[in-house]
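Chemist: I have a structure here, written as structure tokens, and I will follow up with some questions on it.
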Amino acid sequence: MQRRPFFSAPKETIRINEHIRTYEVRVIDADGKQLGVLTVPAALEKAKERALDLVEVSPTAQPPVCRIMDFGKYKYEISKKAKASKAKQHIIKVKEIKFHPKTGENDYNYRLVQAKEFLEKGFKVKATVVFRGREMAHMEFGSRWLKKMVVDLAGIGLAETGSIQEGRNVTTIFGPVKHHVQPVPGPAKPKAPSAPKVPGAEGATPASEAAVPASDGAAKEDAGESREAAPAGQA
């Protein structure tokens, strides 16, 4: 028996120009002016006169609404808006750590340290206890790790859900406490370059300071000469 080929559902696309299926459309000019209800051939003629495209912007309206515009520019604006809305979304990542009912104390402490690191970085933590075979008969025994983790993460993480059974797993989701989230360090600012040192400048006396003693010495010599000149005059 021959298998029928598999066809995926067609993606929704924007119909333009000759791909518009209806006979009549309501047309809006590139300047926003209403041109009324026209047949598709008549609307295409008006679009060609302006060297633009006829774009179906509201296919569900009766009749569908088409606009005369530059389709390439219209697609660019749509992608730009999609990127801007995606950038504003705050995505919270969830990190998962797993236990088994027979997990030892050392393994539990190691996973507890991991959970604290994730919570301090702002991630959510999904703690999962995995049961296998006969362990399903004593699920309360394995869930003790989740109860212990609620106590050990107090002040760092808050249990947003209780113990939820998902098939063979029992999970609890922890969210970070805001005042314990460590901010991500930004890039270090470059230091300003220091002024280059002039060779031989170390130990040198500034010119202004060197000039002061010289002027004082000259003043003293002048005073000494005037004192010697005074007795000579008296004589």
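Chemist: Here are some conditions: (1) surrounded by 13 or more Cβ atoms within 10 Å (Cβ to Cβ); (2) modelled with pLDDT of 90 or more. Val113 meets all but one. Which one does it not meet?
Modeler: Every condition holds for Val113 apart from (1).
Chemist: Basic (Lys, Arg) and either under 17 Å from Val177 (Cβ atoms) or touching a Lys or Arg at 6+ places or on another chain (Cβ under 8 Å) (or both): is that true of Lys121 in this structure?
Modeler: Considered against the rule, which asks whether it is basic (Lys, Arg) and either under 17 Å from Val177 (Cβ atoms) or touching a Lys or Arg at 6+ places or on another chain (Cβ under 8 Å) (or both), Lys121 comes out as yes.
Chemist: Then there is this: Within segment 31-73, count every residue that is over 15 Å from Asn17 (Cα atoms) and either touching a residue at least 40 places away in the same chain (Cβ under 8 Å) or not in a strand (DSSP E or B) (or both).
Modeler: Counting residues in segment 31-73 that are over 15 Å from Asn17 (Cα atoms) and either touching a residue at least 40 places away in the same chain (Cβ under 8 Å) or not in a strand (DSSP E or B) (or both) gives 8.
Chemist: Oh, and also: Might you check whether a residue that is within 29 Å of the chain's Cα centre (by Cα) and part of a helix (DSSP H, G or I) occurs anywhere in segment 95-112?
Modeler: Scanning segment 95-112 turns up at least one residue that is within 29 Å of the chain's Cα centre (by Cα) and part of a helix (DSSP H, G or I).
Chemist: Starting from residues that are assigned to a helix (DSSP H, G or I) and in contact (Cβ under 8 Å) with a residue 40 or more places away in the chain, keep the ones in segment 128-145 and report whichever is nearest to Leu112 (Cα to Cα).
Modeler: It comes out as Trp145.
Chemist: Also, I was wondering about something else. Against the condition in contact (Cβ under 8 Å) with a residue 12 or more places away in the chain and either within 27 Å of Asp29 (Cβ to Cβ) or in a helix (DSSP H, G or I) (or both), how does Lys80 come out, does it pass?
Modeler: No; evaluated as a whole, the condition is false for this residue.
Condition check ((1) closer than 16 Å to Lys102 by Cα; (2) surrounded by 13 or more Cβ atoms within 10 Å (Cβ to Cβ); (3) touching a helix residue (DSSP H, G or I) at 6+ places or on another chain (Cβ under 7 Å); (4) of a type in the set (S, T, N, Q)) across all residues:
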| residue | (1), (2), (3), (4) |
| --- | --- |
| Phe131 | yes, yes, yes, no |
| Arg134 | yes, no, no, no |
| Glu140 | yes, no, no, no |
| Ala154 | no, no, no, no |
| Gln165 | no, no, no, yes |
| Ile173 | no, yes, no, no |
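Chemist: To continue, here is another question. Out of all the residues in segment 110-155, which are farther than 15 Å from Lys95 by Cα and among the basic types (Lys, Arg)?
Modeler: Arg132, Arg134, Arg144, Lys147, Lys148
Chemist: Those residues that are closer than 17 Å to Asp107 by Cα and outside any helix (DSSP H, G or I), I need them from segment 146-165; list them, please.
Modeler: Correct list: Leu153 only.
Chemist: Follow-up. Considering only segment 42-64, state which residues are exposed (fewer than 13 other Cβ atoms within 10 Å of the Cβ) and acidic (Asp, Glu).
Modeler: Listed by number, the residues that qualify are Glu45, Glu49.
The values are calculated or read from the model by the stated rules, or taken from the named source; none is laboratory data. Here the structure is a predicted model, which means the values were calculated and not measured. In this analysis, Cβ positions are derived from the backbone assuming ideal geometry, glycine residues included, and neighbour counts consider all displayed protein chains.
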